[in-house]
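Working notes, structure below.
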Amino acid sequence: MKSIFFKFLFFLFVISFIGCKQNNKTSKNTIATSENSIQYAKGLEIYKRKGFSIVKITNPWPEAKENFTYILKEKNGIIPDSLKQFTVIPIPIKSIVVTSTTHIPSLELLGVENTLIGFPNTAYISSEKTRELIDTGKIREVGTNESLNTEVLIDMKPDVIVGFGLNNSNPILDNLQKSGLKVMFDGDWNEQSPLGKAEWIKLFGALYELDSKANAVFSEIEAAYNNTLALAKKATVRPSVLCGSMYQNQWFVPQGESWASLFLKDAQSDYLWKNTKGTGSLPLPFENVLELAKNAEFWIAPGNFASLKEMSDSNPHYNQFASFKNKKVYSYAVNKGAKGGIIYFEWSPTRPDWVLKDLIKIFHPELLPNHKLFFYQKLE
């Protein structure tokens with residue numbers, strides 16, 4: 001199985017393959033008259049103006065050479081001629097289709113989950129609130145993992161479709177745009193900092209004219225994360241940590257600059273590949289991993305295994321690691337929703353404070369004696 005970051009990224013890839021293509025260069029003079037309200041996210045900018053907002057998605061996928069601009073028009077707002085070339089979305093929106101489970105928490109935290117009318121592969125959604133809407137027929141299936149159903153989406157006429165792309169090639173886009181549908185990129189999956197991912201709730205706040213509420217929710221998450229981070233610094237030891245497992249004859253570990261690696265750093269652990277460069281996954285031969293991590297104290301995110309027996313049945317060589325022998329293996333894949341969707345994939349980008357608390361509880365239980373693990377579970 002791939003590492004925590006690789007699994008998460010792969011999951012996002014298969015959830016959706018949608019975006020909107022527009023080569024655009026926003027007027028610097030227009031944007032310069034207001035201040036970007038985004039602090040942590042590297043791929044999102046929001047500029048508030050009288051009667052409208054300018055939203056820029058500057059890093060929609062790795063090494064993107066283009067950016068995307070959207071104008072969110074308030075009622076009676078007047079859009080300058082210099083901005084009319086971009087997609088204009090009237091706000092507040094009343095209906096939405098999203099394409100990743102990572103968008104569900106933002107809708108729920110803003111209290112607008114009832115406006116969600118479509119989603120691809122609804123079985124992936126774990127949240128009980130949104131699952132109830134699915135079960136009562138209020139949220140429709142809009143296609144498969146590989147493609148969206150254009151006819152269904154045209155019939156539904158959502159105010160906006162929020163998706164993402166792997167690159168600038170998106171064949172379904174033309175049909176959606178030609179039909180008059182509004183399609184917007186969300187690049188949250190491409191963020192690497194924990195608070196950077198979480199800050200994308202402000203995009204949904206802007207779409208619903210709930211900016212103040214989104215700012216308040218994010219401020220609570222930010223404070224909780226930073227307070228937990230300060231607590232972690234009281235740790236007196238940094239236990240060694242192994243990640244990932246075998247997949248197709250290679251072992252994938254998160255690279256040292258990745259989202260997953262930053263959590264391990266913030267949790268005051270000694271992640272054994274912390275000094276590697278890159279934000280993705282690093283493939284390694286089993287022998288290399290065994291040599292470096294044989295005596296690692298903890299093993300985090302070993303794939304989708306539900307027990308130590310499943311792990312050893314899959315690969316008896318796992319028994320050679322001290323963390324396995326000492327039963328210090330923790331997985332994010334055990335905690336699932338009613339249809340089998342992994343809750344970690346859905347909620348961890350929006351609630352990095354919960355992830356950090358889990359890891360501190362694992363590595364430094366004395367610092368959080370009353371915390372109950374939420375995402376991670378110890379394998380028995």
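Summing Cβ point charges (Lys, Arg +1; Asp, Glu -1) relative to the Cα centre of the range 90-215 gives a dipole of roughly 200 debye.
The accessible area of Arg238, taken with all protein chains in place and a 1.4 Å probe, comes to roughly 110 Å².
Quick check for me: using +1 on Lys/Arg Cβ and -1 on Asp/Glu Cβ, what's the dipole size of the chain about its Cα centre, in debye to the nearest 20? Don't jump to the answer; show the numbers that get you there.
Values: 43 positive and 38 negative charges, 91 e Å.
For this selection, approximately 440 debye.
Can you give the % of DSSP beta bridges in the chain that are antiparallel, to the nearest 5? Antiparallel: roughly 50 percent of the beta bridges in the chain.
Cα axis of helix 211-232 to longest principal axis of the chain: angle in degrees, 0 to 90, nearest 10? With both axes taken from Cα atoms, the answer is about 20 degrees. Taking other residues whose beta carbon is less than 13 angstrom from the beta carbon of Asn215, and scoring Lys, Arg as +1 and Asp, Glu as -1, yields -2. Taken per residue, the accessible surface of the chain reaches 43 Å², heavy atoms only and a 1.4 Å probe. Computed on the range 255-309, with alpha-carbon pairs under 8 angstrom and 6+ residues apart, the relative contact order is 33 percent.
Suppose a student asked you for the relative contact order of the range 115-244, using Cα pairs under 8 Å spaced at least 6 residues apart; what percent would you report? Result for the range 115-244 is 14 percent. Over the chain, Cα pairs under 8 Å with separation of 6+ residues give a relative contact order of 19 percent. Sorting 202-210, 99-107 by their mean Cβ neighbour count within 10 Å, with the most densely packed peptide first, gives 99-107, 202-210. The loop-placed trypsin sites (Lys or Arg not before Pro) in the range 333-374, going by DSSP, that have at most 12 neighbouring Cβ atoms within 10 Å of their Cβ come out as Lys372. Could you check how much of the accessible area of the range 266-316 is carbon and sulfur, as a whole percent, using a 1.4 Å probe? On the range 266-316, the fraction of accessible area on carbon and sulfur atoms equals 49 percent. Once the Cα atoms are used to define both axes, helix 352-363 deviates from the longest principal axis of the chain by about 0 degrees.
Projecting the Cα atoms of Pro302, Phe324, Ser82 onto the dipole axis of the chain, where Lys and Arg carry +1 and Asp and Glu carry -1 at the beta carbon, places Ser82 farthest toward the positive end. What residues from the range 262-280 fall in the zone where the backbone N is under 20 Å from a label point 7 Å along the Cα-to-C-beta line of Ala224? Under cut-off, by backbone N: 262-268. Considering only Ile342, Trp259, Ala216, the residue lying farthest towards the positive end of the dipole of the chain is Ala216, judged by Cα position with unit charges set on Cβ. Shape descriptor for the range 77-189: Rg over Rh equals 0.97 (Cα atoms; Rh from the Kirkwood inverse mean 1/r). Per residue, the convex hull spanned by the Cα atoms of the chain amounts to 142 cubic angstrom.
The values are calculated or read from the model by the stated rules, or taken from the named source; none is laboratory data. Because the structure is a prediction, the values reported are computed rather than measured. Cβ: placed from backbone, ideal geometry, glycine included. Neighbour counts: every protein chain shown. Note: areas computed on protein heavy atoms with side chains; ligands, DNA, RNA excluded. Shrake-Rupley method; radii C 1.70, N 1.55, O 1.52, S 1.80 Å.
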